[in-house]
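One structure is given below, encoded as structure tokens.
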């Protein structure tokens, strides 16, 4: 797997021409942005402007999202230009989150550990009304209660477009203790892993790997070529052991709307 080729394909399908039913794609002033139609949390995923226009472009995006009352995440990838874009955003007042490692797995070469049948108690969650309870695992693990937009996204997608998302929970001692979901976009060769988290007392039992395996198997069965993950420092070593290859890093730079 050539990292440069993967980056180009990823840019085309997952950044520049992403298709999301719950967002409105806009391209203006060299920026590709996605306006969230469900919650006031939107995204800038790509920018191509001359160096002399960078600071002006940043101000334009702030002004636009302030005008519609949205927070927004400007996702900066390690190969984006200018090289100091994240630093410029930080100086302007964006909150800089932890850096993730963006990794990909070629699903035509699924390793044995991910291809064999899953023996843990892992079940697909199809009922939108169960989303809040399942995401309680994420809240506890990441100590983050600001997940309203994720809850709404998962509930709406399960209800209206269940073919585009698969939410899974792994149980131990009769209760869900690990959860994650699989994003299955239309018109893209990439499926992606999101939200993997396991309650501390139940780690080391292979639950996270089981959730990766069942999602990888589903993505391959449904014809996707690659499986990606924005891996945290906790999940990156596990994914490396399962054959995922790093092709870049990315950091979310978040603007909190002053007019919300």
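Every number in this text was worked out from the coordinates using simple rules, so none of it is lab data. All of these numbers come straight from a predicted model, not from anything done at the bench. Reconstructed Cβ throughout: ideal geometry from the backbone, glycine too, with neighbour counts over all protein chains shown.
Okay, here's what the table says:
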quantity: Reciprocal of mean inverse Cα separation for segment 105-248 (Kirkwood radius, Å); calculated: 15.4
quantity: By average C-beta atoms within 10 angstrom, highest first, the peptides 74-83, 51-60; calculated: 74-83, 51-60
quantity: Label point distance in nm, residue 26-residue 233, each placed 7 Å from Cα along Cα→Cβ; calculated: 3.6
quantity: Gain in span if fully extended, residue 163 to residue 205, counting 0.36 nm per residue against the direct Cα distance; calculated: 12.2 nm
quantity: Distance between segment 1-62 and segment 110-182 - C-alpha centres, whole angstrom; calculated: 27
quantity: Within the chain, helix-based [θ] at 222 nm, where runs of 4 or more DSSP H residues each add -39,500 (n - 2.57), nearest 500; calculated: -9000 deg cm²/dmol
quantity: At 0.890 mPa s and 25 °C, Stokes diffusion of segment 193-237 via Kirkwood alpha-carbon radius, µm² per second; calculated: 212
quantity: Label-to-label distance, nm, for residues given as residue 146 and residue 88 (7 Å Cα→Cβ offset); calculated: 2.4
quantity: Convex hull per residue volume in Å³, alpha carbons only, for the chain; calculated: 125
